[in-house]
1. Report Rg (one decimal) and Dmax (nearest whole number) for the stretch 5-237, counting Cα atoms only, units Å.
2. With angles folded into 0 to 90 degrees, how steeply does helix 146-166 sit against the dominant principal axis of the chain? Use alpha carbons for both and round to 10.
3. Using every Cα-Cα pair within the stretch 314-371, state what percent have a distance larger than 18 Å.
4. How much of the accessible area of the stretch 262-432, probe 1.4 Å, is carbon plus sulfur, in whole percent?
5. So, taking all protein chains as they sit and a 1.4 Å probe, how much accessible area belongs to Ile246, in Å² rounded to tens?
6. All other residues with a Cβ under 12 Å from the Cβ of Leu5 taken together, and with Lys, Arg as +1 and Asp, Glu as -1, what is their net charge?
7. Highest first, please rank the peptides 414-424, 307-317 by the mean number of other Cβ atoms sitting within 10 Å of their residues.
8. Could you tell me which chymotrypsin sites (Phe, Trp or Tyr not before Pro) in the stretch 97-190 are loop residues by DSSP with no more than 16 other beta carbons within 10 angstrom of their beta carbon?
Amino acid sequence: MQPTLRRAGGFALVGTLAVAAPVLGRAAFAPFAAVAVAAAFGITDGPLFELFARPADRREGRLNGLAGFALAAAGLAILATEIGLPVPLFVAAVMVLAYGNLGKRLVAETTDNPFLGAAGFGLGGSLAGVAGQAAVASLSSTAVLLPRFAFLAVAGTLVAALFREMLFERDDPLVMLSTGMLLWLFDALAVAVGTLDVVAGLAVTVALGIASYALGAASVAGMLSGVLLGLLVIVFGGVGWFAVLISFFGVGSLSTKYRYDEKTERGIAEENEGARGTGNVLGNAAVALVCVICFAASQSFPVDGTLFQYAFAGSMAAALSDTLSSELGGLYDDPRLITTFETVPPGTDGGVTWQGEVFGLIGSAVVGAVALALLPGVTPLGAAVVALGGFLGMNADSLLGATVEGATFGNEAVNFAATLVGAVVSALAVFALL
């Protein structure tokens, strides 16, 4: 057994202390505080030191990694007992990180494939998150709500896996605290999580992960971002919302792969063979995520959730419109700068072709049609508004590309602004017309 696997097992055992929270009550932080003190000042050599020590710990002669992990767990325990963080979420946040890492290390014993490692993290963390919440419910004599536990466990695991992919092992305390806070938000928004929604969401989660791996459509971090987004959209919004989302990711990914070698020769191809990273996913879908969260929150406030539905569709229309305009329109010669109409080399920020404009309009119309077919309450006029918002968002992307991209803003920021334009135009137009 590799030292990293033994260490992951040791951290998992420490994380399991969280399950005692219902019994310990306000002293739930105490076991973790004791572990932190022992790791920082008491254990400097011997078998326990060798079990938990990371390379940096050996250089410093102190178990800083274990101390940080335990302190973060103690902090969440205090939030749970003194501030109001639900105890099951405290337990889930600790368990998904500890056992997710154990699952990843188990996979690493046989393969170094990063996608399979992420799958091991997801499986280990999700199972532990469900088990931890169920154990708390049993010890507290409260109802065991498996669909809700499963949703929160999987969502927490995806958050932890994504943060861990983007950060380092030494940032486990930050990962744990961030996971706990986001789970608190998800729990508050999930007012009525139905079994069917959760089953559908989990099925989609698995399918998206497998498809991303098989098609090479995303990096590991990009895959985790997309899967988390899909899960939240289908649980908080519904199947129709997810259909709108997947119309962007599916058609957009195919357009990125289309004639990729030719795009490479022209200097307009996406990096990493078109695999989407976290920045690309969030740049195109961050506005959509905010819209679905606001839609879920609107059920508890006197706000018309329909506006967020149209804003969501408008942001996705802008994202697909811009993607098709760039990926397909970029294959044609003689692009012109949108601000001056002078001819520029292919791939120039802000350069457009008339073919790209047509493809962009088709992309926004596709999203409008999907919204009309599958989103409740979307009218033909509303679908046209979504298509218009997406088309305007695409041109806003080109305008920003010609004026501020590179010197002031990166590509992800420009994509975010374009989807925001699509969302705002669609929501305001619907509010004024319908």
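1. Cα-based Rg and Dmax for the stretch 5-237 come out at 17.3, 53 Å.
2. Approximately 80 degrees, to the nearest ten.
3. On the way: 521 of 1653 pairs.
So the pairs more than 18 Å apart make up 32 percent of the total in the stretch 314-371.
4. Values: 4920 of 7470 Å².
So the carbon and sulfur contribution to the accessible surface is 66 percent.
5. Looks like 60 Å² after rounding.
6. Details: positive: Arg6, Arg7, Lys104, Arg105; negative: Glu109.
Summing Lys/Arg as +1 and Asp/Glu as -1 gives +3.
7. On the way: 414-424: 25.9, 307-317: 31.5.
My ranking of the peptides, most packed first, is 307-317, 414-424.
8. Phe168
The values are calculated or read from the model by the stated rules, or taken from the named source; none is laboratory data. Worth saying up front: this structure is predicted, and the values here are computed from it rather than measured. Counting neighbours? That spans all protein chains shown, and the Cβs are built from the backbone with ideal geometry, glycine included. Side chains are part of the model used for accessible areas, which takes the heavy atoms of the whole protein and leaves out ligands, DNA and RNA. Shrake-Rupley method; radii C 1.70, N 1.55, O 1.52, S 1.80 Å.
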